[in-house]
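Everything below concerns the one structure shown next.
The values are calculated or read from the model by the stated rules, or taken from the named source; none is laboratory data. Computed from a predicted structure; not experimentally measured. For neighbour counting, all protein chains shown are included, and Cβ atoms are generated from backbone atoms with ideal geometry for every residue, glycine included.
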Amino acid sequence: MQRLSLSSGATSWAKRRTRGVLLASRLFAADTYPDRRAPGYWTTFSYPFWFTDLLSALDSLSRLGFSSADGRIQQALGACPAPSRIQL
């Protein structure tokens with residue numbers, strides 16, 4: 001079994017790019033799990049990351065070297081809720 005590591009010398013730039021393109025192409029797509037098919041699940045955030053959501057996907061894409069100049073990432077950023085102010 002091959003272990004996936006972002007810093008591994010065996011994982012070439014092309015492989016990382018391919019994995020990132022695949023992840024970015026699935027943003028807002030229905031999940032294979034029947035209970036998570038609605039696109040709204042992408043904007044339901046949780047920690048720890050039990051399921052893939054926009055936050056974990058964007059984190060992974062940034063670690064793979066993708067930038068906000070990518071149209072799919074711009075769409076995902078536009079769908080993220082605005083930060084709320086905390087009143088103390």
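Is it the case, given these coordinates, that Ala38 is over 19 Å from Leu64 (Cβ atoms), surrounded by 11 or more Cβ atoms within 10 Å (Cβ to Cβ) and modelled with pLDDT of 80 or more?
Judged against the criteria, Ala38 is not a match.
Annotation note: of Ser56, Ser60, the sole residue that is surrounded by 10 or more Cβ atoms within 10 Å (Cβ to Cβ), at pLDDT 85 or above and closer than 18 Å to Ala30 by Cβ is Ser56. Could you pull out the residue among Thr18, Thr43, Thr11 that is modelled with pLDDT under 80 and either acidic (Asp, Glu) or surrounded by 10 or more Cβ atoms within 10 Å (Cβ to Cβ) (or both)? Result of the check over Thr18, Thr43, Thr11: Thr11. Mind checking which residues of the range 65-79 are outside any helix (DSSP H, G or I) and buried (at least 17 other Cβ atoms within 10 Å of the Cβ)? Answer for the range 65-79, where residues must be outside any helix (DSSP H, G or I) and buried (at least 17 other Cβ atoms within 10 Å of the Cβ): just Phe66.
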